[in-house]
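The block underneath contains the structure these notes are about, expressed in structure tokens.
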Amino acid sequence: MPEQSVFPLTTRLAGSRLRSSGLTLAVAAALPAFLVFLGLRDSPAAALNFFLLFFPYLFLLASQDMAATEVRGGGLENVLFLEGRFRTYLWQKNLALIGAGGTYAAGVFMGLAAWSLVRGTFDPYSAVQFGLGLLAGAYYVAAAGALSHVLAAGGNVVVILLAQAVSLIGLILSTTFRTGFIDHLAAGRFADLKSWLLFAGLTAVFPNLIVSRRLARGGLVVLAGLGLALLFQRTRLRRLELRK
């Protein structure tokens, strides 16, 4: 069976899994309501800016346990996944989740953009920021997918959030020693190789940073990380065998 014929099954199963997640549904329902509240309390532009910075986390939330539980639980031994089609299914889950997250995010973005346009506060660069946010979201899916080959349940998402928390705490505690870097980060300018490397490392942990106009160049780091995570998955899947 060609890979194209497996994709409809992949999208149905991935969609069913998302719909069965109470947390995912709750966040998807609560986010538009919060954005409307924020837009009325402050401005539609403020709601749009908040959305652009944080919507990549929707992709991370949707990426809980992409592989390990299914591989270990025996569900992939179904006749539908014979002849190695389980590898295609696990690989295509990346595309299915990116597509689902992107479709939902695009709907919310268009609503906020239209609202801002009516109020005369829409910034055309927001469309670029949305595209960069989609890249960050795809990176989250790929990174979480790579980790899910090692960690079961929601451990893949927990590890990413824990890495972000540790990095943020470390950055706060080291502010007195890295004032120059903090200034460079705020300005989006990095004077030396050390600052560039720190920025690249921080962007790898916080891909959302590339949504900022000043830090958009970090998109190259995120794109490279996306490619590496997908390459890891592809390599892992080629060697994957189901235990009888």
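The values are calculated or read from the model by the stated rules, or taken from the named source; none is laboratory data. Predicted, not measured: the structure shown is a model, and the values here were computed from it. Quick reminder, even Gly has a Cβ in these numbers, built from the backbone with ideal geometry, and neighbours come from all protein chains shown. The accessibility values were calculated without ligands, DNA or RNA, using every heavy atom of the protein model including side chains. Shrake-Rupley method; radii C 1.70, N 1.55, O 1.52, S 1.80 Å.
Here are a few things to note about the model shown:
- Heavy-atom surface analysis with a 1.4 Å probe gives the chain a carbon and sulfur content of 68 percent of its accessible area.
- Segment residue 123..residue 153, full-extension length gain: 6.8 nm, with 0.36 nm per residue of separation and the alpha-carbon distance subtracted.
- Cα gyration tensor shape for segment 1-66, rounded if a/c is under 1.5, else prolate or oblate: prolate
- Ellipsoid equivalent to the chain - semi-axes via the Cα gyration tensor, in Å: 33, 24, 15
- Here the Karplus relation 6.51 cos²θ - 1.76 cosθ + 1.60, evaluated at θ = phi - 60°, turns the backbone of segment 11-28 into coupling constants of 5, 5, 5, 5, x, 4, 5, 5, 5, 7, 8, x, 5, 4, 5, 5, 5, 4 Hz, with x for every Gly and Pro.
- Label point of residue 240 set 7 angstrom out along Cα-Cβ; within segment 6-27, amide nitrogens under 19 Å from it belong to 6-18.
- Accessible surface, per residue, of the chain when the full set of protein chains is kept, probe 1.4 Å, Å²: 53 Å²
- Size of charge dipole - segment 85-231 - debye, nearest 20, with Cβ of Lys, Arg +1 and Asp, Glu -1, no other charges: 180 debye
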